[in-house]
Amino acid sequence: MNAAEPAIRVEGLTKRFGDFTAVDHLSMSVPKGVIYGFLGPNGSGKTTTIRMMCGLLTPDEGKGTALGYDILTEGRRIKKRVGYMTQKFSLYEELSVRENLNFMARMYGESDVRARVDAVMAEYGLADRAKQLASQLSGGWKQRLALAASMIHKPDLLLLDEPTAGVDPAARRHFWERIHDMTASGITVLVSTHYMDEAIQCDHICFIHKGRKLVDAPAAEIPERSGLVTWRIKGPDLDDLAKELRRLAPVEQVARFGDALHVSGKDAGALARSLASYRDRENLELRESEAGLEEVFIHLIEQNRDDAAQAA
Amino acid sequence: MYSFSRIFAVLKKELVQMRRDRLTFAIMIMIPIVQLTLFGYAINTDPRHLPTLLDIRDDGPFTRAIVSTLHTSTFFDVTGVVGSAAEGDEALKTGAADFVVIIPEGFERALVRGERPQIVVEADATDPVAAGGPVGALPVLLERALSPLMEEAALAAPDPPPWDLVVHRRYNPAGVTAYNIVPGLLAVILTMTMAMITAIAITRELERGTMETLLATPARPMEVMIGKILPYVGVGYIQIAILLIAGVGLFGVPFTGGLAPLLLGATVFIVVNLALGFLISTLARTQMQAMQMTFFFFLPSILLSGFIFPFEGMPLWARWLGEALPTTHFIRLTRAVVLKDAGFTDIVNQIWPMLIQLTVITTIAVNRYRQTLD
């Protein structure tokens, strides 16, 4: 496997459950050593895709490689070098922190289990809680344990499926620091999330909806590529104003963020003209800016919905 | 204040949940039907048509009358003739026959002379209830067979009968029910715990999501299965030890056989049940469903296996069903080894059906087992 080869490359990946197509001809390429954000609303096919990448589900169509190994035939080789953290905590509640890590180290065939578990516990700050049962850990600590377990065999690729769901901000920040440390040491991290503040931390973002890819680009380029323009409006009676603005044709979405309204549209000129009259209103402060990721994604979802409706 | 609408809300929710869990619903409906069929049609504590062998060492009209009466009796099914006492003993030991009727040499002559000759019946009395009916019917049957001939020959009045009926209640002469129940219990308890524990241990991993963690590791499914099942094999042996010690110590069950044949049989039986638990785990999605399925299997294993109710008392269809259950064969095996001193050669007929069941169960289970989450 040469250095230029991506950590994951899949083409036309498709998975159906009965009549439902969970993943629909998805192609993507994850460069090595990056944090790859895998975004999409609930039920968009993120978990199914991740499971196919590490051999837990068999694709109905398509092919791909992970770390240079075929995802269809070389599942066991992939598993040896991939760390996978499931969406739901899936270690043993009745085992202690150390026992869980010991177990995982043995499952991965680590030669010096004790040394490796000690090292991982020190790295993730779990040493003080070694004897605590997993069932007694809080959400943040469970997540930390799960991350430590998925790193027990020093994988080259880490697949994290909504790792920060239900975790408090401090624990999330700590978690992301760890993720940045990992990529700094050369590990590729694919992380699925629907938190926008986390999406911003990713180097590259792939956004899927209803099993189809909508965007796949470096995070920094996404707002520009979308062509979406957002106006931020501050002032009194924002809720009434929002209702009013939604009726304007060039306005695609209006969302409230604290004391501001984000008003977005694809046609920058038309949007500016529609909003012109509001500029003169008293107390209103209007500012044009680049669209945020959230606006972009909501825009993409709605576009995809329209496309699907037209196709039908 | 109790709110009727709140009670109704809970009730309605409960009914919806019940309807959504198809398996539970099916089992709730099936259990009364199955119980009714088994208790109503299959179970009969007054068994008839018990396999009987004849050991005839005399010939003449009296002997022939006895043989023909036995043939027409509903209690006995004469399945053959043995040439020696040893052959008869072997048949009783392996369970091929429940009774051996011996008419000794010179029976007719002795009868005519009024010497009260013996008619010996060797009965397998491991199940005192099952053996009771036929043994009780014997004097009447013999009288019916022999009296007309006696009258014809103008011999002595038939009261007391001019013959001596000797019944040897083999293996359990005192008719202690516990002797029959304890070895059977061994099979029943193993059936319940082994199948249920494995089924639950596997479905628990599925239910809690830890199966996904296991599947994401490079571990081979067989490694996981063997590792999961082995501890329960150990549990099975501990259960056997407890039951044997308690059976002998508390109930005075005579352990006549060897430990080795029992352990061989137990090992096969434990493996069959673990395989069954494995199969159940591929069908059930939750621990609750696994338990219900085990129970559904457990019911016929108690009722149709000859554990409480005599196997021979059941109609043919129920006996076929019983033959298909591993428990039936292991109950026969434990009773044979514990009470009848059966050795390796005597239990072959119980071992091979279990091996066939093991093959069938394992084949289905392995075919159903998925190495992925598909």
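Each reported figure results from applying straightforward, stated rules to the coordinates on display, with no laboratory input. Note that the structure is predicted; figures quoted are calculated from it, not measured. Neighbour counts run over all protein chains shown; Cβ positions are idealised from the backbone, glycine included.
Result for chain B in a Gaussian network model with C-alpha springs under 10 Å: among B:Thr282, B:Thr37, B:Thr362, the largest mean-square fluctuation is at B:Thr37.
Scaled to the compact-protein estimate 2.2 N^0.38 Å, what is the alpha-carbon radius of gyration of chain B, rounded to two decimal places?
Rg over 2.2 N^0.38 Å, computed on Cα atoms: 1.26.
Need one number for the protein assembly as shown: average projected area of the convex hull over its C-alpha atoms, nm². Walk me through the numbers before you get to the answer.
On the way: hull surface 184.5 nm².
With the hull built on Cα positions only, its mean projection is 46.1 nm².
Does the range B:60-116 classify as rounded, prolate or oblate by the C-alpha gyration tensor (a ≥ b ≥ c root eigenvalues; a/c under 1.5 gives rounded; else a/b over b/c gives prolate, otherwise oblate)? It is oblate, given that a/c is not under 1.5 and a/b is not larger than b/c.
Of the trypsin sites (Lys or Arg not before Pro) found in the range A:1-62, not one falls in a DSSP loop while having at most 10 other beta-carbon atoms within 10 Å. Note on the range B:283-336 and the range A:22-41: Cα centroid distance 52 Å, given to the nearest whole angstrom. For B:Lys340, the lysines whose Cα falls under 18 Å of its own Cα, not counting residues fewer than eight places away in the same chain, are B:Lys93.
For the range B:56-185, DSSP calls about 35 percent of its internal beta bridges antiparallel. Per residue, the convex hull spanned by the alpha carbons of the range A:1-132 comes to 146 Å³. Other residues whose C-beta falls under 15 angstrom from the C-beta of B:Leu185 contribute a net charge of +1, scoring Lys and Arg +1 and Asp and Glu -1. Compared with the dominant principal axis of the Cα atoms in chain B, helix B:22-37 is inclined by about 10°. Taking every pair of Cα atoms in the range B:177-368, average 1/r, invert it to obtain the Kirkwood radius, and report Rg/Rh to two decimals. So for the range B:177-368, dividing Rg by the Kirkwood Rh gives 1.00. Taking a straight Cα-Cα cut-off under 18 Å and skipping sequence neighbours fewer than 8 places away in the same chain, the lysines within cross-link reach of A:Lys243 are A:Lys234. As a quick test, which of the pairs A:Lys88/A:Lys213; A:Lys79/A:Lys154; A:Lys46/B:Lys13; A:Lys15/A:Lys210; A:Lys15/A:Lys80; A:Lys46/A:Lys88 have an alpha carbon distance above 21 angstrom in this structure? Beyond 21 Å: A:Lys88/A:Lys213; A:Lys46/B:Lys13; A:Lys15/A:Lys80.
Take each residue of peptide A:82-93, count the partner chain Cβ atoms within 10 Å of its Cβ, and average: the result is 4. Of the chymotrypsin sites (Phe, Trp or Tyr not before Pro) found in the range A:69-166, not one falls in a DSSP loop while having at most 10 other beta-carbon atoms within 10 Å. If the segment from A:Glu285 to A:Glu123 were pulled out straight at 0.36 nm per residue, it would be longer than the present Cα-Cα gap by 53.5 nm. List the trypsin sites (Lys or Arg not before Pro) in the range B:201-237 that DSSP assigns to loop (not H, G, I, E or B) and whose Cβ has at most 11 other Cβ atoms within 10 Å. Which are they? Counting only loop positions with at most 11 other Cβ atoms within 10 Å, none of the trypsin sites (Lys or Arg not before Pro) in the range B:201-237 qualifies.
Shape descriptor for chain A: Rg over Rh equals 1.04 (Cα atoms; Rh from the Kirkwood inverse mean 1/r). Across the range B:194-201, coupling constants 3J(HN,Hα) worked out from phi with the 6.51/-1.76/1.60 Karplus curve, θ = phi - 60°, read 4, 5, 5, 4, 5, 4, 5, 4 Hz, and Gly and Pro carry x.
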